[in-house]
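Only the coordinates and a few stated rules stand behind these numbers; no lab work does. All of these numbers come straight from a predicted model, not from anything done at the bench. FYI the Cβ positions are ideal-geometry reconstructions off the backbone, even for glycines, and counts take in every protein chain you see.
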Protein chains: 2
Amino acid sequence: MDRRRLFALGGAAGALGIAGVGGGAVGYGIRGAKADKRSATELRYPFRGEIQQGILTPAQDNMYTAAFDVTDEDLDSLRFLLEDWTVAAEQMTAGELVGGAPSANREFPPADSGEAWGYPASGLTITFGFGRSLFVDDKGRDRFGLAEKMPAVLRDGVPKFANEALRTDASDGDLLVQACANDPQVAVHAIRNLTRIAFGTAKLRWGQIGYGRTSSTSTAQETPRNLFGFKDGTNNIKSEDGDKELDKHLWVQSGDDDASDAWMTGGTYFMARKIHMYLEIWDRVSLAEQEDIIGRDKRYGAPQSVASPDADAEFTPLDFAAKNGQGDRAIDARAHVAIVAPEHNHGAMMLRRGYNYTDGNDSLGRLDAGLFFIAYVRDPRTQFYPILKTMAHKDLLTEYLQHQASALFAIPPGLGESDTMIGQKLLA
Amino acid sequence: MDRRRLFALGGAAGALGIAGVGGGAVGYGIRGAKADKRSATELRYPFRGEIQQGILTPAQDNMYTAAFDVTDEDLDSLRFLLEDWTVAAEQMTAGELVGGAPSANREFPPADSGEAWGYPASGLTITFGFGRSLFVDDKGRDRFGLAEKMPAVLRDGVPKFANEALRTDASDGDLLVQACANDPQVAVHAIRNLTRIAFGTAKLRWGQIGYGRTSSTSTAQETPRNLFGFKDGTNNIKSEDGDKELDKHLWVQSGDDDASDAWMTGGTYFMARKIHMYLEIWDRVSLAEQEDIIGRDKRYGAPQSVASPDADAEFTPLDFAAKNGQGDRAIDARAHVAIVAPEHNHGAMMLRRGYNYTDGNDSLGRLDAGLFFIAYVRDPRTQFYPILKTMAHKDLLTEYLQHQASALFAIPPGLGESDTMIGQKLLA
């Protein structure tokens, strides 16, 4: 097992003095029989490594993702912010207070807001990213002298898709912070304290709280269910897929992009879509039609090409040529699994890491709920946009969805032992 | 141990075929050393009993509380709704699908939306209540012929308090459903399916999601922290306090109220306040001032009357006469603990069961976050309003709070073995 994998799977937690944590972490699942939430709250993941934490890390139970806009136009202020964030993130992910020790001087506000004081690290990971507007803002200005280093992926931006209704104030931003943990209070504490540290330099633009991870990032995790009641993300990249596959689909390789080669090699791209789900309409669709729309059996998540679904059939490969009893294709060509399948998309795969959200209800009593879809990919231009375009036009599921926000960020590689800030190679 | 206590502490779970669950449940705490979330997700609480579940039940990690307005003016429709809700709630709290078995007829929509299919019961409890408008609505109408049975507590309503800014559409309602669980997806599933069942009869009026319970309802639970970073609810009623104390402070006694005596005896009142916390302002207050405002040490939650706080001092009784090194009162008379202390409120106590909330942020980047305060009391007119009035006028903490919603509901006793619906004695 090489160094990258060791970090990804949490095995390096031993370096922090926690023996035997890695295996327990990976084995954590959602059902009673497999669940071991005790080890889930005791988990601590190393903040530094070749890649950033929170990508291949076994998906935690809770997420709070936030974007910030830098309000100070001085490059040194941006550097100071990222240095301060780096110190605080390393402390919080280790289960410590911001500032390390409890405040000694009672005449000052405490460095840490305190609502997670004494709580275990709870598997907290904090992942940082840089948005297009950090390089060239909406007015075309290069505020920090970074325009030349802007990755082509950010320069090109996200194309428009059919039927989307994107809220600008809930989309994109200069800086991304994704906090994931097995205790929601620990995730909220992280975003709150980073927001507080940013005061005067950067402002919280939007935040999204999610629960019930909708994807597994490890083969040892059970596949969870989305709010349509289906197992979601079965066909996901997993951390166990090996470096060859991960390098092909997930990590930016040297030579991918001239402008950002020096600082993005070994990084990845974060693509989020806030997807409202029309639950009240979906709930009135027959079970047969629901399964035809998804292309899987609802109970076990088995492909419809499996004649007699059972608990073992979830991971049976999709067979798009298989016929059903009526002689029709068992899986409709417009079914969701067919639309997004790698074999129909030039082999494109993504690492999915999304969460369900429920943000209350409207005045008619309809839930404001859905999926905060997150994918990490080496290049969204080939791995994500074409699939989303096909989904928007052909996927039977699209009728029950509305994309309400979008976010694209460049995720630099992890911090070396002597790095003082995230994005060191971009900003130092 | 009598029958009521047995139910309250989960010991009756044995009746559902789960051995040894009671002790594990009560022992669940927030810190790594004591946490055992595995048993927390395996927990199942009996739906029926002398009292409703979700009151004395050891406070779970997640809450989704919702209020509904009945849109159909027919008493039988209301009865059918409550019967359907009762069946579904009993199934869901047992970890089953709504409808019991998986849908057999694929040509109909599934009875259960499915997003918790295969998930353990996760300690789910569902608690029901009746609001003032069910008896006499805002237009003064007695839609269901229940006006004569309206409790005096509901008739009198909640008085206005200084500095509140209540949102009508997020306050009160005809029917209350409080779902609590150790998995947020299980709580969301419960409210969603009850909302769906209500379609055509009642409409979701408001819903509030909470995390990080802010009170312990058992002496075996550790005291959690609120978003000001302080341990909260140390001085709470606990299920272990004994029937004499619980009958005095929590449960409605025969003779308390003529109009509702026949159906509310053994019930209680639910009082919620959505309290926005000005976190950004609080975070700029010195540690000394924060502690003076609360009246406790921030690290351990020890009363300021304890000269040298340590981990054992949290439950040391408050000594309001104690002096500090400067010869002043150690606990300011306007400190939060002094304002709400039973000894300053004619011995009034309440069972607190609130949760933290974070609902996003405003356009200035400030978190929309705070405490969804819930208290269960025998009579809010003597046990809650006077304290809230004093708080609004004198409490040093009030400057950092704004009450944004309010909800008062009558909570009938639990369901007997042959009852077909919650509130059987009111509606049958």
Other residues with Cβ under 10 Å from the Cβ of residue B:256 give, with Lys and Arg +1 and Asp and Glu -1, a net charge of -3
Cα-based shape type of the range A:65-176, given that a ≥ b ≥ c are square roots of the gyration tensor eigenvalues and the cut on a/c is 1.5: prolate
What do the square roots of 5 times the Cα gyration tensor eigenvalues come to for the range A:286-375, in whole Å, largest first, as semi-axes of the equivalent ellipsoid? 27, 18, 13
Going Cα to Cα from residue B:203, which lysines come in below 22 Å? Please leave out same-chain ones fewer than 8 positions away. B:139, B:274
Could you please state, rounded to a whole Å, how far the C-alpha centre of the range B:236-278 is from the C-alpha centre of the range B:109-187? 16 Å
Once you charge only the Cβ atoms, +1 for Lys and Arg and -1 for Asp and Glu, what is the size of the charge dipole of the protein assembly as shown about its Cα centre, to the nearest 20 debye? 280 debye
For the range B:96-110, what does the Karplus curve 6.51 cos²θ - 1.76 cosθ + 1.60, with θ = phi - 60°, yield as ³J(HN,Hα) per residue in whole Hz, taken in order and with x for Gly and Pro? 9, 6, 4, x, x, 8, x, 4, 8, 8, 6, 8, 10, x, x
Placing +1 on each Lys and Arg Cβ and -1 on each Asp and Glu Cβ in the range B:279-406, then taking the dipole about the Cα centre, the residue among B:300, B:396, B:287 whose Cα reaches farthest towards the positive end is B:396
Normalised per residue, the volume of the convex hull around the Cα set of the protein assembly as shown (Å³): 159 Å³
Under 19 Å from the Cα of residue A:425 - lysines, other chains or at least 8 residues apart: A:149
Could you identify which residue out of B:184, B:58, B:102 has the top mean-square fluctuation in a GNM of chain B using Cα springs shorter than 10 Å? B:102
Averaged over peptide A:230-236, how many Cβ atoms belonging to another chain are found within 10 Å of each residue's Cβ? 1
Starting from the range A:332-397, pick out the trypsin sites (Lys or Arg not before Pro) whose DSSP state is loop and whose Cβ has at most 16 other Cβ atoms within 10 Å. A:366
Given the candidates A:342, B:80, B:59, the one whose Cα lies deepest towards the positive end of the charge dipole of the protein assembly as shown, counting +1 at each Lys or Arg C-beta and -1 at each Asp or Glu C-beta, is B:59
What's the average, rounded to a whole number, of partner chain beta-carbon atoms within 10 Å of each residue's beta-carbon in B:102-115? 6
Could you give the alpha-carbon Rg of the range A:80-134 over 2.2 N^0.38 Å, rounded to two decimals? 1.30
With +1 on each Lys and Arg Cβ and -1 on each Asp and Glu Cβ, how big is the dipole of the range A:280-428 about its Cα centre, in debye rounded to the nearest 20? 480 debye
Considering chain B, what Rg and Dmax in Å follow from its alpha-carbon atoms? 21.4, 78
Can you divide the C-alpha Rg of the range B:162-265 by 2.2 N^0.38 Å and report the result to two decimal places? 1.37
Straight distance only, please: which lysines reach the Cα of residue B:298 with their own Cα at less than 20 Å, same-chain residues fewer than 8 apart left out? B:231, B:323
What average count of beta carbons from other chains do you get within 10 Å of the Cβ of residues in B:355-361? 5
Cα principal axis extents for the range B:218-291, largest first, Å: 52, 28, 17
